[in-house]
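These notes are about the structure you will find just below.
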Amino acid sequence: MTRVARADSGTHATDMRSASSVVFALYLTYAAFFFLNIPNRVPGLGVIRPTLLLAIAILGLLFAEGMLFEKKDTSTISKRLNVLLIYMVLSLPFVKWPGSVVTQNLPQFVKAVLFFFVTVKVVDTIPRLRLFLLVVIGSQVLRVYEPLFLHLTTGYWGSSAHMGGGEMLSRLAGAPNDIINPNGLAYVVITAMAFMHYLMTGTKKVWHTLLYLALAPGLLYALLLTGSRSGLVGFGVLALIVFFKSKRKGLLVLVGVVGLAGAISVMTPDQRDRYLSIVSEDTKNASSVTSRSSGVTKDLENGFKRPIFGHGVGTSLEANANYRGQAYYSHVMYTEVFVELGIVGVVLFLLVLWSIVKTSRLAKRTLDERAEVLRQSAPAELAFLSRLANAVQAWVGMGLVFSLAQYGLSEYNWYLVGGLSVVLYNCVVALSDRAAKASKEGAACS
């Protein structure tokens, strides 16, 4: 197998060796273990740190195959992410709590950032890309349906939130073996919906669309049960992106009106109150909106205590515990980065995000430019990559907004989508180059 290393404008495509099928199988296993939190589900398994062992095995095999340090990826995302990582290492002696970074927070960050580098190196063909997406999105759907099933059968909620007057609102969180709060579960729902909508509709396989229509109501109902206002806003952003990209706007409006009416009908008065608090101060949940806004101010205050190098990756919880007497993570990714990495880290991280935006747009534009060639030689692959390009762009747009209400520096989301953007671009270029070469050879023989 061959792949294309080119992942941004200004470089030339070159064929590279592909990682072995063993490495790819291990990476699929790693993804399943990571997303489904399998070590917590099997008694005694967590003691041996299987996810960490899988990561070490993947990196070890890539090294043995001579691919770990091979320059297969020349994308701007990779270059800027490498600069960010180098900065984090060099600035470690100057952060507030380097000990906490090394002993507690670094493993989580490493596991997250691996999703970028390993995805680019290992998921390097369209068949592998299809299977990888099946594992990732399938795992996310299971993460949502498990607590939803428990809720419907046993009354499980998993979390709660304060309302006005000392009342509490029950909120759906991840299953007992899945460490994820209601906002995180809402994020999983929106992520799954973004990819499922594009990858499972508009295909020649009708059962894909039927499966999507069967799964979507449950996912959206779970989203409502989370009581996540940021989740609802994120879904609204996703819906708008889908609407503007669609050629069937009238149908989407009809579906949206019916869906909204259905959502309102199944919500309890307290759930309606919570979602209304997004736009109205005359609600019981309005006070928590105010506290969220003041949290941003406090994050900035924490950040300016160490404005240059920050407190260290993963230390926003520690900063809040020490400076505010409340141990919780920053609720805004952008201020989280400021607290943990300082102003230099903020600039470097924003450059990474901008590179992801640019690469996803570049992949879609390149696909559109070469569509005519691909339509004749690889129509099925063209359709798949087009749907994936739309899904990635929709997720990126949603993610930029959702990150205003969710931490994410040490979470997998942006690194995984960044890796998918590079892989998508590589596949587009490789496929179109092969098609163009075959066309020229055919013309020469005629």
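The values are calculated or read from the model by the stated rules, or taken from the named source; none is laboratory data. Worth saying up front: this structure is predicted, and the values here are computed from it rather than measured. Cβ coordinates were reconstructed from backbone atoms using ideal geometry, including for glycine residues, and neighbour counts include every protein chain displayed. Heads up: the accessible areas ignore ligands, DNA and RNA and are worked out on the full protein's heavy atoms, side chains in. Shrake-Rupley method; radii C 1.70, N 1.55, O 1.52, S 1.80 Å.
One table, with the values for the structure above:
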item: Kirkwood-based Rg to Rh ratio, the range 244-364, C-alpha trace; result: 1.13
item: For the chain, size of Cβ-based charge dipole, Lys and Arg +1, Asp and Glu -1, in debye; result: 860 debye
item: Qualifying trypsin sites (Lys or Arg not before Pro) in the range 191-262, DSSP loop, other Cβ atoms within 10 Å at most 13; result: LYS204, LYS205, LYS247, ARG248
item: Alpha-carbon spread of the range 82-180, three principal axes, descending order, Å; result: 48, 45, 21
item: Total formal charge among the other residues, if their Cβ is under 13 angstrom from that of PHE109, Lys/Arg +1 and Asp/Glu -1; result: -2
item: Longest DSSP-loop-exposure-free segment, chymotrypsin sites (Phe, Trp or Tyr not before Pro), the chain, at most 13 other Cβ within 10 Å; result: 70-303
item: Heavy-atom accessible surface of the chain: percent carbon and sulfur, 1.4 Å; result: 66 percent
item: Sum of -39500 (n - 2.57) over DSSP H runs of 4+, divided by residues of the chain (222 nm, nearest 500); result: -23500 deg cm²/dmol
item: The range 294-369: GluC sites (Glu not before Pro) in DSSP coil with no more than 16 other Cβ atoms inside 10 Å; result: none
item: Under Karplus coefficients 6.51, -1.76 and 1.60, residue-wise ³J(HN,Hα) of the range 238-253 in Hz, glycine/proline x; result: 4, 4, 5, 4, 4, 4, 6, 7, 7, 9, 10, 5, x, 5, 5, 4
item: For SER160, residues with placed amide H under 5 Å, excluding near neighbours; result: ARG171
item: The chain, relative contact order in percent, only Cα pairs under 8 angstrom and at least six apart counted; result: 22 percent
item: Aspartates and glutamates with Cα under 14 Å of LYS121, excluding same-chain neighbours fewer than 8 positions away; result: ASP15, GLU65, GLU70, ASP73
item: Shape parameters for the chain, alpha-carbon atoms, Rg then Dmax in Å; result: 22.5, 82
item: Whole-angstrom gap from the range 365-395 to the range 410-431, using each part's C-alpha centre; result: 14 Å
item: Extension gain (nm, one decimal) between LEU53 and ASP433, 0.36 nm per residue minus Cα-Cα; result: 133.0 nm
item: Alpha-carbon spread of the range 338-424, three principal axes, descending order, Å; result: 52, 20, 17
item: Whole-Hz ³J(HN,Hα) from phi, Karplus 6.51 cos²θ - 1.76 cosθ + 1.60, for the range 216-229, glycine and proline x; result: 4, x, x, 4, 5, 5, 4, 4, 4, 5, 5, x, 8, 5
item: Using distinct alpha-carbon pairs, which all enter the 1/r mean, Kirkwood radius of the range 93-250 in Å; result: 18.1 Å
